[in-house]
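Please read the structure below before turning to the comments.
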Amino acid sequence: MEKEIKAFQIDLGDNVATALAGIKAGQEAGLTGDHGEESIKAATDIPAGHKIALKDIGAGGHIVKYGVVIGRATADIPKGSWVHLHVMQSIYDERSSHLDVRTGAPKDTKYE
Amino acid sequence: MSSEEKRMELTEWSWQGYGRKHGAPGIRNRVLVIYTVKCSEFVARRIVEESGHPDVELVGFDGCTDNQYAVDLLISLIKHPNVGAVLTVGLGCEYIQPQWLADVAVKEGKEASWMSIQQEGGTKPTVTKGTAWVRETLERLKHTPRVRMGFKDLVIGAECGGSDYTSGLAGNVVVGRFFDRLVDLGGCAIFEEIVEAIGLDGLLVGRAADPEAARELRYTYDKALDYCRSVRQYSVSPGNFAGGLSTIEEKSMGAVIKSGSRPIEGVLKVSVPPKHGGLWLLDSTPDPHFMQFGITNPNDNEGLMDLISCGAHIVFLVTGRGNVVGSAVAPCIKITGNHETFSRMEEDMDFDASPILYGGMSQKEMALDLAAYVAGTAGGTPTKSEVLGHKEFYIPYKYQEKEVAYKRACEGSV
């Protein structure tokens, strides 16, 4: 069965791909772009526009997209799972891992 | 036509531009009505409205106190190749004198006039006189010599705004591919937003065309990082995070990809034209100064204005979530990699780059389509924002040196 294209891998060296539409846990998503594997099975739900791990990434490991390091894993990230603020952080921006995982809104500032 | 045929033809493509007495030819023949302080804005705006012609445009600076950055920006617009004539309108007591600016235009060999509302006798006489001058000038501009232009004569600037995950996958990618072609053809490409290059210093400096360019890029990057650290604010917003971008580094790579892959010739400052063709980074971040003038990118139109101040004939605005703005002086081409955004806002969005995401089109083919759109725009076809009459501009107070400022102005000659 031909798999619907669901995620875009930019560089062969990347360990994440971007979901072009929402992917449900258990769904097999076809890959497009500069991809190694033909597809990736989602271990969790992945919202549209968010990243899915293409391989197991250990805590402290680099997250690679565009062939460059875009952050560091703050927990073990199993292959196929959602990669975002809850399991990774910026190497520069100390606030990034304090933001709400769904809305991105800051939680470290009170505006009354 | 196959993509191979289209590519071979790019060098041959040409259109009729407007010859200028000094400097490069333009792709539009605009009349700029410039107000020199907020107090004269109403009168200047009324002159533009009364003229009722799409080539008559308003720009101006609100402040009464002196700001070299703003003056330089107005002068750069007067000298801009897309501008054929200039009318400056002042109240009469502000620092930026309308007569100085008109003199700059005359020296450039452009049609120019100036008025002071206090001398002319108030709103109505000034509007009447100004409108009459603009109408006569539009007639004279019909005789501007037409000259043949091609991609080698173009300066194009690019910035992104309202980015989502498609910006770094499609919109900016296609711009980068097109910029590579433009540079190869002898044209000039400018990208900006150094605060959206955090985490990529090695990559940027590694692309420097020569050691001087490397030094400029290194200093400019470090200045931007200092700026972000000191305000604990990186150029990434809740909407970006919600849309799937997790870090500033990730957003940065999506932004910098619009610069393509060619060597970077150096760092441009606002209102300073590039010395030659090729790819340049525009630094719009304020320089360190005791008054700490300015915020780096207050809004999208400020960024577009900065690019235009460096002589960009056309500006690209790459967006994911959609935008409606245009610009005074240079046509704005709005590009999105998000097909839903394109469909929802088709009267505003110029170019849909999404086919490269689904394997429908290669990046190369998409970049050639963008080249065709650019050539059409340069040849006079109005962009979506021009059709709708969008003529936004934004000139803030800011402090910036004219060259890469290795030493802080506030440090003096210690």
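The values are calculated or read from the model by the stated rules, or taken from the named source; none is laboratory data. On a predicted model such as this, the values are computed, not experimentally measured, just so you know. Glycine also receives a Cβ, built like all others from the backbone with ideal geometry; neighbour counts cover every protein chain displayed.
Can you list the helices (runs of 4 or more DSSP H) lying wholly within segment B:314-414 that have 3 or more residues being in contact (Cβ under 8 Å) with a residue 24 or more places away in the chain and of a type outside the set (Gly, Ala, Ser)?
In segment B:314-414, B:363-378, B:384-388 are the helices (runs of 4 or more DSSP H) which contain 3 or more residues that are in contact (Cβ under 8 Å) with a residue 24 or more places away in the chain and of a type outside the set (Gly, Ala, Ser).
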Legend entry - Flag for residue B:187 being touching a residue at least 12 places away in the same chain (Cβ under 8 Å) and away from every other protein chain (no Cβ under 14 Å): yes
Inset, instruction - Determine which single condition residue B:230 fails, assuming it passes every other condition in (1) over 20 Å from the mean Cα position of the chain (by Cα); (2) in a loop (DSSP other than H, G, I, E, B); (3) away from chain A (no Cβ under 12 Å); (4) of a type in the set (S, T, N, Q). - result: (2)
Inset, instruction - Scan segment A:43-61 for residues that are free of Cβ contacts under 8 Å to residues at least 40 places away in the same chain, within 11 Å of another protein chain (Cβ to nearest Cβ) and part of a strand (DSSP E or B) and report the count. - result: 2
Inset, instruction - Go through (1) at pLDDT below 95; (2) touching a Cys at 6+ places or on another chain (Cβ under 6 Å) one by one and return the number of the condition residue B:318 breaks. - result: (1)
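Checking the condition more than 15 Å from residue A:4 (Cα to Cα), in contact with an Asp or Glu (Cβ under 8 Å, 6 or more places away or on another chain) and surrounded by 17 or more Cβ atoms within 10 Å (Cβ to Cβ), which residue from A:23, A:52, A:77 passes?
A:77
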Inset, instruction - May I ask you to say which residue of B:230, B:259 is at pLDDT 90 or above and hydroxyl-bearing (Ser, Thr, Tyr)? - result: B:259
Legend entry - For residue A:40: the one exception among (1) assigned to a loop (DSSP other than H, G, I, E, B); (2) surrounded by 16 or more Cβ atoms within 10 Å (Cβ to Cβ); (3) away from chain B (no Cβ under 14 Å): (1)
